[in-house]
Amino acid sequence: MTTTQVWNEKQLVENRIIDQLKKHGYTYIHGSYFEGERRTLRDVVLQQRLSVAIKSINPWISDDNLRKVIRDITHIEASSLMEANEAIHHEIVHYISVEQDLGHGKKNQTVRLIDFDNVDNNEFLVVNQFKVSGVTDSIIPDVIVFVNGLPLVVIECKSPFITNPIAQGVKQLERYQTDADRLFYYNEILISTCGQQSKYATIGAKLRHYGEWKDPYPMTDSDIGDEVNPQDILIAGMLTKRQLLDLIQNFIVYEPEGGRTIKKLARYQQFRAVNKAINRVINAELSEERGGVVWHTQGSGKSLTMLYLAVKLRRQAELGNPTIVVVTDRKDLDLQISATFRRCGFPNPNRAETVADLRRLLRLGSGNTIMTTVQKFQEADSEDDKVLSTDHNIFVLVDESHRTQYKGLAANMRTALPNACYLGFTGTPIDKKDKSTTRTFGTYIDTYTIQQAVDDGATVPILYESRMPDLQIEGRSLDAIFDRMFANYEEEDRERIKQKYATSEAITAAPKRIEAICMDIIDHYEKHIAPNGFKAQIVAVNRETAILYKKMLDKLNAPESVVIISGNNNDAEELRKFHLPEHQQKNYIERFKNRDDNLKFIIVCDMLLTGFDAPIEQVMYLDRPLREHNLLQAIARCNRTCDGKTYGLIVDYYGVSLFLKQALDVFHEKDVRGVMMPVESELPRLQSRHRSAMRFFDHVNSDNLESCIKVLEPEDIRTEFDLAFKRFTESMDLVLPSPLANPYRDDLKFLGKVRLAAKQRFRDEALDISECGAKVKELIEEHVRANAIDVLHDPIDILSSKFSQYVEGMSSDEAKASEMEHAIRHEIRIRLDENPVHYMSLKEKLEKLISEWKEHRLETVQLVLHLQELIRADVQGYNSDQSTPGITREQRPFFDLLRAKLSNESHKDEQLTDLTQIIVEDVSGLQKIRDWTTKEDVQREMRSRVKGILRAIKCPNDRLEVITQQVMNLAKVHFKA
């Protein structure tokens, strides 16, 4: 990073954060100040400050118990970073219990580490350049936020003028979590920022999980100041004192997923919605004005929003230990949301199993959390049984509140709980004469639209494609479709069939039609969806047709499929064959969600069209009429985010897309903007992205691969090109193999070839095409193979005997010089830690040669010769055991270090050889100690022994500490246990 970039990072980003937090009441202290408060650089908790805070918040605590609490917090026994982090988060939010006599005998007392009720009774510090000793080296995060001595927030700042600053910041945070995981035991929020972009996540998150905080609620942009940037909004929205404590206490959950634990922190719209709801509940002048609607689009995390609201409602003292009732309208949704609450550690959610069970739970009094379906609010047998509770502190959270809330069951619920507060959650609000979500529940509390979710990356956009229009039912003449389907029948038979069966449902289920559609589904799935590893849902008009789809797919040797339909005892034998017990349905659903499982299709008619969350599903093959919220509910099965998934797709065989406008008229236009865009709508973006990627080579001969590689030599240009290339391939992967992609195929092949060649030349792993979509990757690799272009293999190692042969085969001196230069740079980069002295010397020699060449003091042919000599003498020679008499390859890095640091002190090579052998023999014994690189006591003892050896040979005192630490760093690289 250049001096200018460092200045930009500090002045424009780091200092701006510090100044903003100071305005919000934080105390700023430079990290170097704390070296006097910490025993070692491994100490990440400011123990003295934590002690003072605990005593202030818990003035009754004894000195013994204070010491126990401090030890408990600073000596965490855990098998992983996530386990340690969850344990400490639990102690922060749910407090620590100690046994102490406060005058009535020894009893368990609660110790609070943070005073959540009185924000100002806590110490908030913003600290920069706080050095922490790690496993292989020290780390120095740019900014850390301490609350009562606990490092709760780590912020990595990057210059806004470098390429991919957020990604670079995230990469650094990932490295920090590996090198100095103890710092992150206490972490609640990670932030990567460059001012103009700012994103946050939690420990363990990858780049794709980092999100923006776009609303500083309850503040506004104007409250923050003039010329507000995204960083300012995030800091105001997340890190003001009250916001930070609120997020920690009420908006963090640990959810098991796929055999591991994921730490989840609320998104800005979830935080905003919950706090708006709390404000309305508490501040409404009239009881009936407490309710309202939270409209957050499908896939944006409504279940977690409901969980966060339930958590925060419980904490409101003025609500007097409320009863919370979570209502859905389907058994599968009831099970799903109950499971979400339990997995996230919500205390004692009770699921009502029967109507009688619901009545029993509601009569228990305050403090319960009850999960139920609206169907359990059956009409009471007598007037006395109609009202179950007249309490005002009952809060009914209704999921998917656009359905079933306008009829008898909902009326029964409101009769049973006449004074409850009703809060509706929906992804598809309705506003029409006979059904209105807002008239039923109250005005909107918060809205988060389809387009906002797509813009934020919370969901992927949904595209649609209309296929086989001749077989579509909706909007076509039934007579025309009938004539086409039954063309081979006699006239008399056709008339008889038409009179009896020519309904849209009967035509939809015609076997010949289903067979034709199944053939098209298989072809489409195998070409468009399967290459990238995604799965599909088929939606049939009724249960019988769903079974017909299953049979036809099996007959045509399609990938594995399963029919999941409801059943009852009156079903015919043919239907009963496909009834699945609940445990089998669950098993099939789990298999479907598993990317590696062979189950590729789920066939349904009504089930799994709402509340079914399977990110692996990319396409829905739709062959039934859907209207209004049912359409939006169904298509949202495809909008969940998943690795490598950039869009969801609805393939329409019924003709729903022909009537999309009428189907969506029940919604406001702005509310459904961006839903189900045709595949053709991607073309303008594809054209723009194509031009952005091709412009890099506008002024070079595209037939000359070497000239194209040279364009990408500067790292910033390469990074910029890589971003443009990925966006272009994303659009191409969406369109392929459609003929719409044909005008761009040759340029995609060209760009892929250049990118692979640049990856090989510059040893740049970021240019790997493995992360591209399978359709794109196959196209590029086929082109490279067909043209015998030698860029598919890994770069040849500089030490390989084939390297010189490979270089000699190049067409020009400039290509040879470039290949050798970047091979040497790669060697330095990957081996620098092994022998910093040698490789820094090699780097200086290389930079000198390149500088002389750029200043035209060396001809290209001379540069080639010098680079060949550099490789021969400095690299190959170094790796020989005979390069220094008496020194083995294992000892060489230590010898080079000692010679560089002590040769001016009249220490001859013979003395340094003896010294090296003594030190290496000592430190190599460390590899017998398991995990010694994480054990401070072991390292402290070894440092003491190394210092003793150095003192014996009269090492100058001012170099003693530095040389000792550098010896230890080398030991960590070469002698890991």
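The values are calculated or read from the model by the stated rules, or taken from the named source; none is laboratory data. Nothing here was measured: the structure is a model prediction, and the numbers come from that model. Every residue, glycine as well, gets a Cβ built from its backbone with ideal geometry; the counts of neighbours run over all protein chains shown.
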Would you point out which residue out of GLY291, GLY299 is under 30 Å from SER566 (Cα atoms) and not hydrophobic (A, V, I, L, M, F, W, C)? GLY299
Is it the case that the range 864-876 has a residue that's at pLDDT 80 or above, of a type outside the set (Gly, Ala, Ser) and not assigned by TED's automatic domain parsing to the domain that holds ILE828? no
Between residues in the range 176-199 that are over 21 Å from LEU46 (Cα atoms) and residues that are basic (Lys, Arg) and outside any loop (DSSP other than H, G, I, E, B), which pairs lie under 6 Å by C-beta distance while being six or more apart or on different chains? SER192/LYS199
Taking SER222 and the conditions (1) in a helix (DSSP H, G or I); (2) touching a strand residue (DSSP E or B) at 6+ places or on another chain (Cβ under 7 Å), which numbered condition does it fall short on, given that it satisfies the others? (2)
Would you point out the residue of the range 538-561, among those that are of a type in the set (S, T, N, Q) and touching a Cys at 6+ places or on another chain (Cβ under 8 Å), that is modelled with the lowest pLDDT? ASN542
If a residue counts only when it is of a type in the set (S, T, N, Q) and either modelled with pLDDT of 85 or more or farther than 28 Å from TYR254 by Cβ (or both), which helices (runs of 4 or more DSSP H) contained entirely in the range 280-370 have at least 1 such residues? 302-315
Of (1) at pLDDT below 80; (2) surrounded by fewer than 19 Cβ atoms within 10 Å (Cβ to Cβ); (3) over 45 Å from the mean Cα position of the chain (by Cα), THR884 fails just (2)
Suppose the filter is in contact with a Pro (Cβ under 8 Å, 6 or more places away or on another chain) and hydrophobic (A, V, I, L, M, F, W, C); does LEU152 pass it? no
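With the requirement that a residue be of a type outside the set (A, V, I, L, M, F, W, C), at pLDDT 85 or above and within 23 Å of GLU680 (Cβ to Cβ), what does the range 452-480 give you?
ASP455, THR459, PRO461, GLU465
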What are the residue pairs meeting all of these: first residue in the range 565-589, first residue part of a helix (DSSP H, G or I), second residue among the charged types (D, E, K, R), Cβ atoms under 8 Å, and 6 or more apart or on different chains? GLU574/GLU544; LEU575/ARG543; LEU575/GLU544
Please state which of the following conditions VAL127 fails to meet, knowing it meets all the rest: (1) more than 30 Å from ALA53 (Cβ to Cβ); (2) in contact with a Phe, Trp or Tyr (Cβ under 8 Å, 6 or more places away or on another chain); (3) β-branched (Val, Ile, Thr). (1)
Number of the condition not met by LEU150 [criteria: (1) in contact with an Asp or Glu (Cβ under 7 Å, 6 or more places away or on another chain); (2) farther than 20 Å from GLU14 by Cβ; (3) in contact (Cβ under 8 Å) with a residue 60 or more places away in the chain]: (1)
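Take the conditions under 27 Å from HIS826 (Cβ atoms), touching a helix residue (DSSP H, G or I) at 6+ places or on another chain (Cβ under 9 Å), of a type in the set (A, V, I, L, M, F, W, C) and in a helix (DSSP H, G or I) and apply them to ALA724. Does it pass?
Working: under 27 Å from HIS826 (Cβ atoms): yes; touching a helix residue (DSSP H, G or I) at 6+ places or on another chain (Cβ under 9 Å): yes; of a type in the set (A, V, I, L, M, F, W, C): yes; in a helix (DSSP H, G or I): yes.
Taking the combined requirement at face value, the residue satisfies it.
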Lone qualifier among SER366, SER300, SER287 - being in contact with a strand residue (DSSP E or B) (Cβ under 8 Å, 6 or more places away or on another chain) and either surrounded by 15 or more Cβ atoms within 10 Å (Cβ to Cβ) or basic (Lys, Arg) (or both): SER300
Has the range 501-519 got at least one residue that is touching a helix residue (DSSP H, G or I) at 6+ places or on another chain (Cβ under 8 Å), crowded, with 19+ Cβ neighbours inside 10 Å and at pLDDT 90 or above? yes
Filter pass, VAL170 being in contact with a Leu (Cβ under 8 Å, 6 or more places away or on another chain) and either assigned to a helix (DSSP H, G or I) or in the same structural domain as GLN336 (by TED's automatic domain parsing) (or both): yes
Starting from residues that are in a helix (DSSP H, G or I) and charged (D, E, K, R), keep the ones in the range 596-651 and report whichever is farthest from the chain's Cα centre (by Cα). GLU628
Going through GLN109, GLN100 one at a time, which residue ends up being at pLDDT below 90 and outside any loop (DSSP other than H, G, I, E, B)? GLN100
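The rows are residues; the columns are (1) in contact (Cβ under 8 Å) with a residue 40 or more places away in the chain; (2) surrounded by 12 or more Cβ atoms within 10 Å (Cβ to Cβ).
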site: LEU21; (1), (2): yes, yes
site: ILE29; (1), (2): yes, yes
site: THR40; (1), (2): yes, no
site: LEU46; (1), (2): yes, yes
site: ARG49; (1), (2): yes, yes
site: LYS55; (1), (2): no, yes
Would you confirm whether or not the range 153-165 contains a residue that is part of a helix (DSSP H, G or I) and either under 23 Å from the mean Cα position of the chain (by Cα) or touching a residue at least 24 places away in the same chain (Cβ under 8 Å) (or both)? yes
The range 736-752, subset under 17 Å from VAL711 (Cβ atoms) and surrounded by 19 or more Cβ atoms within 10 Å (Cβ to Cβ), residue nearest to the chain's Cα centre (by Cα): GLY752
If you check ILE54 against the conditions, is it under 30 Å from the mean Cα position of the chain (by Cα) and not in a loop (DSSP other than H, G, I, E, B)? no
